[in-house]
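*Asks:* Got a structure for you, written out below as structure tokens; questions coming shortly.
The values are calculated or read from the model by the stated rules, or taken from the named source; none is laboratory data. In this text the structure is predicted, and so the values were computed from the model without any measurement. Quick reminder, even Gly has a Cβ in these numbers, built from the backbone with ideal geometry, and neighbours come from all protein chains shown. Side chains included, ligands, DNA and RNA excluded: accessible areas come from the protein's heavy atoms. Shrake-Rupley method; radii C 1.70, N 1.55, O 1.52, S 1.80 Å.
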Amino acid sequence: MEEKEVKTFQFVVVGGGIAGVTCVEQLSSQTPCADVALITAGPHIKAVTNYRQMSRTLEEFDVEEQPSSILQEKFPNLSVIHSAVRSLDTKSHRVQTADGRYFGYNKLCICSGGRPKLLSQDNPHVLGIRDTDSAQEFQKRLSNARRIVVVGNGGIALELVYEVEGCDVIWAVKDKSIGNTFFDAGAAQFLIPSLEADKPAAAAPCKRLRYTTEEPTPEAAQTFTADRHSRGGSSASTESGSALGPDWHQGIILKGSEQVTRRVSVEYQCEVENIFTSKDHLTSSQGTHRHENESWPVYIQLTNGKTFGCDFIVSATGVVPNSEPFINGNTFAVAEDGGLCVDDHMLTSEPDVYAAGDVCTACWEHSPLWQQMRLWTQARQMGWYAGRCMAAHASTQPIELDFCFELFSHVTRFFNYKVVLLGKFNGQGLERDHELLVRCTKGHEYVKVILSRGRMVGAVLIGETDLEETFENLILNQMDLTPYGEDLLNPNIDIEDYFD
Ligand code: FAD
């Protein structure tokens, strides 16, 4: 980097998503005398509100998109810089932003999130959903759509196919059952009837996606555009905002142009072979197209031999960590999934550089009951812990891995059911000798417990089961449950009393 005027901060955090904001909040409150800077590409920041600790590891919260001034009012030692980081020089400890400025750091935390893994980079008919702007673009395109194809089997696809109305949805999943990232085939079977039934009327008032009317600063607006071009992303996504999170679809009407409530058909065990525009389709010599009289803006050919015409395709096949601007010119250890490897202090392989949230890959030796998933809760936990580690290291204090990394736990809603996932909820990485206990009441609840050598190591709870705290304790204390056998899930036994 050439010599320029450099403003140096004790702590610099990059990214205004949940990981970056939580990290900054932690640093600013723990070290009120230190200079802290938040550098973020988007004009808004994401803040955790209504945080509620439900049990030792389960937590629930809302997320608000706020103007950054709220943060600055709260923490006088914090400066917010609205520009994208273009490059990092770990040797001289400084970053360069898109508007040509340089900022030095003593300690840096990269929380730049991820972006949708798109099926096709420059195809205007392929949308990814990541942030508020891409969700609004999706809503706009959907309002004129008669048929869409959703590709992917993770949380976003699950939510989309359930929420979209007034439009045919073809859902292409690569697995034998839906929601494979979160459930087994039994749970999928439990949920499938909800796709066929009418959706219950929304009980809660609509939430807004954006909680401010603040106009972006000129630099911020510029950064937005520059960022979009630089990443060569999809037509719809600006890719510079923070990721959406729980309840992201509640603030927008996801309705197509037809009168139907919901019509979802699932294509199992297939991937995308090819995507054609209508012109390609007509001139294509491929003989596999399903004959339809109508013409569509785009056609998608699946590996099961079927081709569908549709208005547009939603690519919901996961995220790619936004690590490129930081990697170039440095020697970061990068994981197979493209994330920056971090150790049990959220430190990357470069000195004084930490990372948290979707951009990082947890490369420490995990507790046998925890795994990384790029989720809202983990972004908060990692950001919070990274802030604590940075502050502790700056004052040469020792710090131990936080308890939240002992047990994987996640609460969410799918198909209008409460879903709690604990530990190795899908038997991830377990030997074949593990046992499953299942209790299922159609339309009411699905409870699955995973036992390994008589100890509970994971659970999936769908519906209002009220079992989460008891099961969390049983998993954490690793008590031998062999004597209880199937009574563990006997609906006539009050399990909570049983283990009191
Ligand atoms: P992000 O929220 O992506 O924030 C990254 C920040 O970095 C942004 O502010 C961006 O502007 C900034 N940035 C990026 N590059 C740069 C750069 N070069 N310079 C400066 N700033 C930069 N999780 C759940 O737990 N439950 C859910 O129900 C759920 N639903 C979801 C629904 C959707 C549609 C999506 C997309 C995600 C969902 N997730 C959900 C996942 C969750 O949103 C993410 O795991 C989480 O938000 C990641 O937070 P983060 O802070 O790491 O990254």
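*Asks:* What are the ³J(HN,Hα) values, in whole Hz, obtained from phi via the Karplus relation 6.51 cos²θ - 1.76 cosθ + 1.60 with θ = phi - 60°, for each residue of the stretch 391-398 in sequence order, with x given for Gly and Pro?
*Replies:* 5, 5, 5, 5, 10, 6, 8, x
*Asks:* Here's another thing I want to ask about it. Okay, helix-only estimate at 222 nm for the chain: each DSSP H run of n ≥ 4 adds -39500 (n - 2.57), divide by all residues, round to 500 deg cm²/dmol; what do you get?
*Replies:* It comes out at -6500 deg cm²/dmol, rounded to the nearest 500.
*Asks:* Per-residue counts of other Cβ atoms within 10 Å, averaged by peptide: what ranking do you get for 378-389, 20-31, highest first?
*Replies:* Packing order, densest peptide first, comes out as 378-389, 20-31.
*Asks:* Counting only residues 5 or more places away or on other chains, whose amide H sits under 5 Å from the amide H of residue 410 once H atoms are built in the peptide plane?
*Replies:* The list, which skips near neighbours in sequence, is 421.
*Asks:* Check each of the trypsin sites (Lys or Arg not before Pro) in the stretch 418-500 and keep only those in coil by DSSP with at most 13 other C-beta atoms within 10 angstrom; list them in order.
*Replies:* Passing both the DSSP loop test and the Cβ count: 432, 442, 453.
*Asks:* Can you give the relative contact order of the chain as a percent, counting alpha carbon pairs under 8 Å and 6+ residues apart?
*Replies:* 17 percent.
*Asks:* Ignoring ligands, DNA and RNA, what percent of the 1.4 Å accessible area of the stretch 409-498 is carbon and sulfur?
*Replies:* Answer for the stretch 409-498: carbon and sulfur cover 42 percent of the accessible area.
*Asks:* Quick one: grab Rg to one decimal and Dmax as a whole number for the stretch 409-498, Cα atoms only, in Å.
*Replies:* Rg and Dmax of the stretch 409-498, Cα atoms, are 12.4, 36 Å.
*Asks:* Still on this structure, I have one more. Just going by the charge dipole of the chain, with Lys and Arg at +1 and Asp and Glu at -1 on Cβ, which of 270, 371, 20 is farthest out on the positive end?
*Replies:* With unit charges placed on the Cβ atoms, the residue in question is 270.
*Asks:* For residue 445, which sequence-distant residues (separation of 5 or more, or a different chain) have an amide H within less than 5 Å of its own amide H, given hydrogens modelled in the peptide plane?
*Replies:* Hits under the 5 Å cutoff: none.
*Asks:* If you don't mind, there's one more thing I want to ask. Suppose a student asked you for the relative contact order of the stretch 332-488, using Cα pairs under 8 Å spaced at least 6 residues apart; what percent would you report?
*Replies:* Relative contact order of the stretch 332-488: 15 percent.
*Asks:* How big is the charge dipole of the stretch 409-498 about its Cα centre, in debye rounded to the nearest 20, if each Lys and Arg gets +1 on its Cβ and each Asp and Glu gets -1 on its Cβ? Walk me through the numbers on the way to the answer.
*Replies:* Details: 9 positive and 15 negative charges, 105 e Å.
With Lys and Arg at +1 and Asp and Glu at -1, about 500 debye.
*Asks:* Same structure again: For Cα pairs less than 8 Å apart in space and 6+ apart in sequence, what is the mean separation divided by the residue count of the stretch 409-498, i.e. the relative contact order in percent?
*Replies:* On the way: 149 pairs, mean separation 22.0, N = 90.
Reported relative contact order: 24 percent.
*Asks:* May I pose another question? If you stretched the chain out fully between residue 371 and residue 397, how much longer would it get, using 0.36 nm times the residue separation minus the C-alpha to C-alpha distance?
*Replies:* Contour length minus the Cα-Cα distance gives 6.7 nm.
*Asks:* Could you run the Debye sum over the Cα atoms of the stretch 24-127, one equal point scatterer each and no solvent, and tell me log10 of I(q)/I(0) at q = 0.10, 0.22, 0.23 Å⁻¹, two decimals?
*Replies:* -0.41, -1.24, -1.29
*Asks:* Continuing with the same structure: Grab the other residues whose beta carbon is less than 9 angstrom from that of residue 462, score K and R as +1, D and E as -1, and report the net.
*Replies:* Residues close to residue 462 contribute a combined charge of +1.
*Asks:* Indicate the gyration tensor shape class of the chain (rounded, prolate or oblate), computed on the Cα atoms with a ≥ b ≥ c the square roots of the eigenvalues: a/c under 1.5 is rounded; otherwise a/b larger than b/c is prolate and the rest oblate.
*Replies:* Judged from the Cα gyration tensor, the chain comes out oblate (a/c at least 1.5, b/c at or above a/b).
*Asks:* So for the pair residue 6, residue 328, with labels modelled 7 Å out along Cα→Cβ, what separation do we get in nm?
*Replies:* 1.9
*Asks:* What whole-number value in Å² describes the accessible area per residue of the chain for a 1.4 Å probe?
*Replies:* That works out to 44 Å² per residue.
*Asks:* May I ask what percent, to the nearest 5, of DSSP beta bridges between residues of the chain are antiparallel?
*Replies:* Taking every DSSP beta bridge within the chain, about 55 percent pair in antiparallel fashion.
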